[in-house]
Structure formats: C-alpha cells, structure tokens
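Quick one: this structure, given as structure tokens, is what I'll be asking you about.
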Amino acid sequence: MNVTTTEAIGTRSSENGMPLAVQVTGLTKSYSKGPKAVDSISFEVRAGEVFGLLGPNGAGKTTTIKMITTLTRPTAGSIQVFGVDALLLPQEVRQMLGFVPQAISVDGDLTGYENLLIFAKLFFVDPAERSKRIHEALELFGLADRADDLVKHYSGGMMRRLEIAQALVNRPKLLFLDEPSIGLDPHSRMQVIDHIRRLNRDFGTTILITTHDMAEADELCDRLAIMNLGKIAVIGAPRELKKSVGGDVITVAVRGPITDSIPPDLGTIAGRDQGTLKILTVDGERAIPRLTDYLEGEGAVVESVSLSRPTLDDVFMKFAKVSLQDEGSFREARSARRSIARHAR
Amino acid sequence: MNNLQRSVSSALTIAEMEARKIRHDSTELWMRAIQPALWLLIFGTVFSAIRASALQIPSGFTYTQYIAPGVLAQSVLFVAIFYGITIVWERDVGLLTKLLSTPSPRISVVVGKALAAGVRGIFQGIMIFALALIIGVNLRFDPLDVAGVFLVVVLFAMCFAALSMTLASVLKTRDRMMGIGQAITMPLFFASNAIYPVSLMPPFLQEISAYNPLSYVVDALRAMLLTGDYSGLPLDILVLLVTTIVLILCASFLLKKLIE
C-alpha cells in the first residue's frame, strides 16, 4: 500500500454523501519569529467519528485546534465546520463546538452545578431543558453527590469529568478535547476515555482529540492524523496505518518437518530457523488457526504460536521520523498536574 | 434571539458568574472596607484640625465630609483597576480560553466582567454609606441622590475595569499588571479633587486634573452626596460615559491577544 503522501489512506470522505464535520484546506499559522507553527495542512473530519490528532510537543496540534475553534486566526487557508466558514462566521461555528482545553478550565470558585449552569447559559441552551440536562449530566458522570461543592475541592479526574459533562449539557455537534487524559491517574484516565466514547456513541457527537498517547489514540480513534513540525505526516484508520508499516508477524515453534512454502493467502515466510518459522501476514489473528491447521496437515506438530503486531508507535516512527517517547510528554504531564493543583487551591 | 439579545444575556451571565463567586466567599469585600475606613477615620479626623477655609473646601462642610466622595471613588478605583489581574489569572488557569470559545460575542465578556466590577463597586458604596452613618459623617440620603451615586459608581467601576482589561491584553502577565496597577492608582488619586480642591494644586497639576476621569467622578459624587449643586453633573457623566464606551471597545478588540 502506498502511504507516502498525506492524502493516501482513507479520504473517500464525501463520496458516499457523508457530511463533513470539519474541512480544513491549506491551513497555515506563522508567528513573527520561528518556523511556521502549522504549515499548509489539509484534512477532513467526518460527522460522527472520533478523529485523533497525534504528534509530539510543538507539532502544531493545539494551534490547529485553536484555529478551528476560532480562538486564533490562521495566516492562510480555509476552515469549514459543518459547512459553515469559520473565518466568516466565528460565532455560528462556536455555537456548534465544545472545547476542553489542555489545562483544566473549570472555575474552582463555583460549584460543579454552577459551572455547568453558567456555560449552558453562555451556549444559549434552552432554559426549559437546562436544569434537567445538568442533573442528568452530573448523574451520568458520577458527580451528582458533589454537585454543590466548590470545584476547587474536586480531584483532577473529577474536574476533567465535569468539563466533559459540559458537552452533555450543551450538546455540541463537534467536541474538541486537547490532551484530555494527561496528568490523570490510570483509573481517572479510564473513566474519562469511557465517557468520551459514550458521548460519541450515545449522542453522535463528533470528536476531535489531540493526544500523544499512542495506546489511547489506538483505542479511541476511528481515524487519526499524525502531525510533526507543523505538517501532517499521514492520515488513516489506526488499523490501516499499522498495516502500512509491515503487517503482523507470526512466530511458530514446530517439531517435525518444516515446510518451505505456505499458501500465499496465509502470508509469506519471512524466516526459517531450527524449529521456528516466521510468517509475515496481514491479519495475524485470523491467519493463526488456518496456519496451524495447514502446518499440522503437512505433518508438523505446532508447539507454540506468538503474534506480534505493529503499534502506532511504529507508525509514528516511520512517518514522523521521531519517537514520541521523549521528555516532552513528561513535561506536559507535569504542567497539567500543576494546572489541576492551581484549581484545587 | 438576535445578536443584541445574545450579547446582553451573555454579559449578564458573566456578571452572574462573578456574583456567585462573591456569594461563596465574600471575605475580600469586607477587607476592602478597611482602607476607606482608615481614610475617613484617621486621615479625615487629623486633617479636620486644619481650618476649613485654609483647605479651601466649600463652607459649611467638615473635611471628613469633603473627602467622603473622594474616598468612595478611590475605593472603587482600587476594586476596578485590579480586574486586569483577574483576567490574566483566568487566562493562566484556562478559563478565559473557555469563555472565548463560547458563542458569546467578545464584547459580552468585557461588559460582563466590567459589570461584575460594578457589583463590587456597589458594595463599596454601601460600606461608605454605612461607615458615614456609624462615624456620624453627614451625607445627603435623598433616595434619588443615592440611586445616582450607585449609577455613577457602577459606570466608574466599569470604566476602570475596562481600562485594566485593555492594559492586561497588552501587558499579558500578572506581575506587570500588579506594577501598572500601583503606578496608575496613586497618581490618578493625587491628581484629582478627591482629597483636596483643585484650586489648591499647582497649575501643572490642575491641568492634569482636568483630563483625569477620577476628578469628574468625584465631582459628580460630591454633588449628589454633599453639595446638591448639579451644574457640573451633565459634563461629568458625559465624560465618564464616553471614556467607558471607548475603553470597553478597546478591551473587546484586544482581549484575544491574551490567549494568542
């Protein structure tokens, strides 16, 4: 599969009449000093999907989100959100959006209920619906019993959940989450991811998420774009992207005669050693049972089988030419924790 | 809802947000009563020892009476000028980004915050009236005058909150805002008719005082609280109104610089 250009994988977007949530063309942001923060990127987010924007620090993810949410004006390019031009009608676009910034942005001096109430008012949520939705959201996000406590007494995970609960009150068509799980403990992180998924599934909210946690992106995103140095290196579904870096490797330990050829639909033999066989294949999980059947049919005894699959990290290494496991993620986690601490005075 | 209704509704919501915070913790409001109390009780009392004619204050009034409107204006100025710090703080904790990502027009954020400063200003007004009653400073308690005083106080608080937010959009950090807050408030105070008549000032200071919005505010407050001479009132309110509108527009235009 050819995946060397940005447009390569999965851009059959509007062919089948699916509406586009976001359409970005030639988007550029440059500051007076330094290189371009975002350098002429183009991508589409389909309605109803979870779209991930991945990349290391300084890749341009946050700047891209700020431009789509109309917080920063692009230097060049165009942005359409559900067909509305974000540069011409920023207020109309903001009415459709929810935004959870990287730093915790709840107001610690208000109660959980009040936080939701104020921002529901600012989004002009129908007053008749407002109170019911707020109570439902607090209930669903497990915050109902703390609704009347000041938010500064909440834990970091609760603050994050409160921010995401806002989306349930305002019902945006498109929700932006900038590093939503950074700085959270594993349990809170799982809860947050679970809630994001529910918003997408139960309310059809289109979600655009930035993260540099590859496992999280793999778990959550229907499609993702990998950004580096202000450009998009590659776009595609996680599965397709992983395939593009080489597919799965099955290692079989066998006793008895080892064949030197297998049917082509099972894959190709990548290595043959004393009692082990390495096979390169597209879909390892499905190939394993048929492969063992075949080998045993040839008179061998299969002793063990192991499967190794490429991760998004491998994809990232291939397309962005850098690893994500740098000190950057540590630094951002620390600043996120500091932001939580600042709210919890 | 049309755009104007939305703007008004959003501004009121943002003011409501502040009012709710004050309700949760009103310590700051009470602390802010200390300084005006000192001015009236100590400064006022000591200077009352000087002959009123030497101070060139209008005859028939004590010095404490004379400075009461000035002290009110000064305490409102202190409340309002630090709104820029609040907004920088809100930028730092991500709240401003969130406010600006709502469909509310930018001007609503500024007007809402300015209104909130007005609400705090009203509390300062109530404190001064209470203090005046307690220490026996005779002020005019005519209902229309009192309403007028609160109106001017709200407008004045909005004016300087907008100035402060404009400065914050340019200066961008809390430390600088602390500095500029100090650098602005005292000169404005001393170059005004708050604690002494303009006629006592050297000519250059009189010149400055003529361009100082605080002088117009004190003049309006003094007319309503003390003298009942409304001749200067229309000009006072016009100057205040125009300054407020200009500064609110400046702040609305510049505010987004804070998050870039």
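Bear in mind that the values in this text are calculations on the coordinates, not laboratory data. Every value quoted in this text rests on a predicted model; they were computed, and no experiment measured them. Using ideal geometry, Cβ is built from the backbone for each residue, glycine included, and neighbour counts are taken over all protein chains shown.
Could you check the simple spin-label distance between B:F204 and B:D229, using points 7 Å along Cα→Cβ, in nm with one decimal?
Once both label points are built, they end up 2.9 nm from each other.
Just to be sure I understand the model, the point goes 7 Å from the Cα along the line to the Cβ. What's the resulting A:E129 to A:E296 distance in nm?
Label-label distance for A:E129 and A:E296, simple model: 5.7 nm.
With θ set to phi - 60°, apply the Karplus curve 6.51 cos²θ - 1.76 cosθ + 1.60 along region B:93-102 and write out the HN-Hα couplings as whole Hz, x wherever there is a Gly or Pro.
Once θ is set to phi - 60°, the couplings for region B:93-102 become 8, x, 5, 5, 4, 5, 4, 6, 8, 7 Hz.
On to the next question. Rounded to the nearest 20 debye, what is the charge dipole size of the protein assembly as shown about its Cα centre when +1 sits on each Lys and Arg Cβ and -1 on each Asp and Glu Cβ? Could the numbers behind the result be given before it?
On the way: 60 positive and 58 negative charges, 256 e Å.
Approximately 1240 debye in magnitude.
What list of ³J(HN,Hα) couplings, whole Hz, do you get for region B:73-80 from phi and the Karplus terms 6.51, -1.76, 1.60, once you set θ to phi - 60° and write x for glycine and proline?
Each residue of region B:73-80 in turn: 4, 5, 5, 5, 4, 4, 4, 6 Hz.
Projecting each Cα onto the charge dipole of region A:70-218 (Lys/Arg +1, Asp/Glu -1 at the beta carbon, about the Cα centre), which of A:P101, A:T210, A:V84 comes out farthest on the positive side?
A:V84
A follow-up question, please. What order do you get for A:D109, A:D85 when you list them from fewest to most C-beta neighbours inside 10 Å?
Values: A:D109 20, A:D85 13.
Starting with the residue having the fewest Cβ neighbours, the order is A:D85, A:D109.
So what's the angle, to the nearest 10 degrees on a 0 to 90 scale, between helix B:106-135 and the longest Cα principal axis of chain B?
Roughly 30 degrees, rounded to the nearest 10.
Show the residues, 5+ positions off or on another chain, whose built amide H is closer than 5 Å to the amide H of A:T276.
Under 5 Å from the amide H of A:T276 lie the amide H atoms of A:V254, each far enough along the sequence or on another chain.
Taking H as built 1.01 Å from N, whose amide H comes closer than 5 Å to the amide H of A:L53, not counting residues under 5 places away?
For A:L53, whose amide H was placed from the backbone, the distant partners under 5 Å are A:I209, A:T210, A:T211, A:A225.
A follow-up question, please. Most fluctuating residue of B:R51, B:R106, B:R32 in a GNM of chain B with Cα springs under 10 Å: which is it?
Highest fluctuation among the options: B:R51.
I've got another one for you. Sort the following peptides by mean Cβ neighbour count (other Cβ atoms within 10 Å, averaged over residues), highest first: B:135-144, A:202-211, A:158-167. Walk me through the numbers on the way to the answer.
Working: B:135-144: 13.1, A:202-211: 20.9, A:158-167: 24.7.
Packing order, densest peptide first, comes out as A:158-167, A:202-211, B:135-144.
Counting Lys and Arg as +1 and Asp and Glu as -1, what is the net charge of the other residues whose Cβ lies under 13 Å from the Cβ of B:K257?
Local net charge: +4.
Let me ask something additional. Hey, in the GNM for chain A with a 10 angstrom Cα cutoff, which one of A:G284, A:G52, A:G34 fluctuates hardest?
Of the options given, A:G34 has the highest mean-square fluctuation.
Using just the helices of chain B, give the 222 nm mean residue ellipticity in deg cm²/dmol: DSSP H runs with n ≥ 4 each add -39,500 (n - 2.57), and the total is spread over all residues, rounded to 500. Don't jump to the answer; show the numbers that get you there.
On the way: 13 runs with 187 residues, N = 260.
Result for chain B: -23500 deg cm²/dmol, rounded to the nearest 500.
Would you give the gap between the C-alpha center of region A:146-165 and the C-alpha center of region A:16-68, rounded to a whole Å?
Region A:146-165 and region A:16-68 have Cα centres spaced 30 Å from each other.
Quick check: the angle from helix A:112-122's long axis to the longest principal axis of chain A, C-alpha only, nearest 10 degrees?
Rounded to the nearest ten degrees, it is 80.
Between region A:234-304 and region B:2-58, how many Å separate their Cα centres?
Their Cα centres are 78 Å away from one another.
Of B:V242, B:V119, B:V217, which has the largest mean-square fluctuation in a 10 Å C-alpha GNM of chain B?
B:V242
Per residue of region A:279-288, in order, report the coupling 6.51 cos²θ - 1.76 cosθ + 1.60 (Karplus, θ = phi - 60°) as ³J(HN,Hα) in whole Hz, putting x for Gly and Pro.
Listing the rounded values in order: 10, 9, 9, 7, 10, x, 4, 6, 6, 4 Hz.
I've got another one for you. Within 10 Å of each residue's Cβ, count the other Cβ atoms and sort A:M214, A:M190, B:M17 from fewest upward. Write down the numbers at each step before the final one.
Details: A:M214 21, A:M190 13, B:M17 24.
Starting with the residue having the fewest Cβ neighbours, the order is A:M190, A:M214, B:M17.
Compute the acute angle (0 to 90°) between the alpha-carbon long axis of helix A:156-170 and the principal axis of greatest extent of the alpha-carbon atoms of chain A; round to the nearest 10°.
Helix A:156-170 sits at roughly 70 degrees to that axis.
Under unit Cβ charges (Lys, Arg +1; Asp, Glu -1), what dipole magnitude, rounded to 20 debye, does chain A have relative to its Cα centre?
1160
Pairs to check: A:K132/A:K231; A:K33/B:K21; A:K152/A:K173. Give those whose C-alpha atoms are more than 32 Å from each other in this structure.
On the way: A:K132/A:K231 43 Å; A:K33/B:K21 40 Å; A:K152/A:K173 29 Å.
Pairs exceeding 32 Å: A:K132/A:K231; A:K33/B:K21.
Give the order of B:C250, B:C159 when sorted by the count of other beta carbons within 10 angstrom, beginning with the fewest.
B:C250, B:C159
Given points 7 Å out from each Cα along the Cα-Cβ axis, report the A:N57 to B:L41 separation in nanometres with one decimal.
Here the modelled spin labels are 5.2 nm apart.
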